[in-house]
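**Q** Pasting a structure below so you can have a look.
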Amino acid sequence: MANKELATYIMEQLSDLMEIRNIPMMGGYIFYYRERIFGGIYENGFMVKITKASKYYMPDSLPEAPYKGAKEMLPVTILENREILKKMVSEMYEELPKRNSKSKKKLS
């Protein structure tokens, strides 16, 4: 499945969460839930950040780097199970870092 088709499929699987979006980035896609990055599509497919929730819902998934020099992530093994996938992403939210503010402080 091509990255664009995979991104569309993931968006359909998570559509009930409402605050899901993705942006294309260097041949892949970055996925946000309520403006926090939770995963992306990389050379190895769809991967999510390692959190208690992602480890709980995918105990069979082994951490790997999505690209050279990157922090390890978990390949998503539950993509076809819409309900479990939505629960995992929803529960991951509180464990994800807040998005950096784009506003910069003025130097005096």
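**Q** Is it the case that residue 90 is surrounded by fewer than 18 Cβ atoms within 10 Å (Cβ to Cβ) and either within 10 Å of the chain's Cα centre (by Cα) or of a type outside the set (D, E, K, R) (or both)?
**A** It is true that residue 90 is surrounded by fewer than 18 Cβ atoms within 10 Å (Cβ to Cβ) and either within 10 Å of the chain's Cα centre (by Cα) or of a type outside the set (D, E, K, R) (or both).
**Q** So is residue 30 under 16 Å from residue 6 (Cβ atoms) and either in contact with a Ser or Thr (Cβ under 9 Å, 6 or more places away or on another chain) or not in a loop (DSSP other than H, G, I, E, B) (or both) or not?
**A** Yes.
**Q** Return the residue satisfying two criteria in turn: it lies in the range 1-31 and is in contact (Cβ under 8 Å) with a residue 60 or more places away in the chain and touching a helix residue (DSSP H, G or I) at 6+ places or on another chain (Cβ under 8 Å), and of such residues it is most open to solvent (accessible area, probe 1.4 Å). Don't jump to the end; show me each part of the working.
**A** Here is the first cut: in the range 1-31, the residues in contact (Cβ under 8 Å) with a residue 60 or more places away in the chain are 9-10, 13-14, 16-17, 20.
Going one step further and asking which of them are touching a helix residue (DSSP H, G or I) at 6+ places or on another chain (Cβ under 8 Å), we end up with 13-14, 16-17, 20.
Details: 13: 18, 14: 0, 16: 89, 17: 33, 20: 24 Å².
Per the criteria, the residue is 16.
**Q** Then there is this: Restricting the first residue to the range 74-91 and requiring it to be in contact (Cβ under 8 Å) with a residue 60 or more places away in the chain and assigned to a helix (DSSP H, G or I), which pairs with a second residue that is among the polar types (S, T, N, Q) and surrounded by 16 or more Cβ atoms within 10 Å (Cβ to Cβ) meet a Cβ separation below 6 Å and a spacing of at least six or different chains?
**A** Sorted first by the residue in the range 74-91, then by its partner, the pairs are 82/13; 85/13.
**Q** Here is a follow-up. Report every pair of residues separated by at least 6 positions or lying on different chains whose Cβ atoms are under 6 Å apart, first residue within the range 44-55 and without any contact (Cβ under 8 Å) to a residue 60 or more places away in the chain and surrounded by fewer than 18 Cβ atoms within 10 Å (Cβ to Cβ), second outside any strand (DSSP E or B) and of a type in the set (Val, Ile, Thr).
**A** Matching pairs, first to second residue: none at all.
The values are calculated or read from the model by the stated rules, or taken from the named source; none is laboratory data. All values derive from a computational prediction rather than experimental measurement. Neighbour counts run over all protein chains shown; Cβ positions are idealised from the backbone, glycine included. Side chains are part of the model used for accessible areas, which takes the heavy atoms of the whole protein and leaves out ligands, DNA and RNA. Shrake-Rupley method; radii C 1.70, N 1.55, O 1.52, S 1.80 Å.
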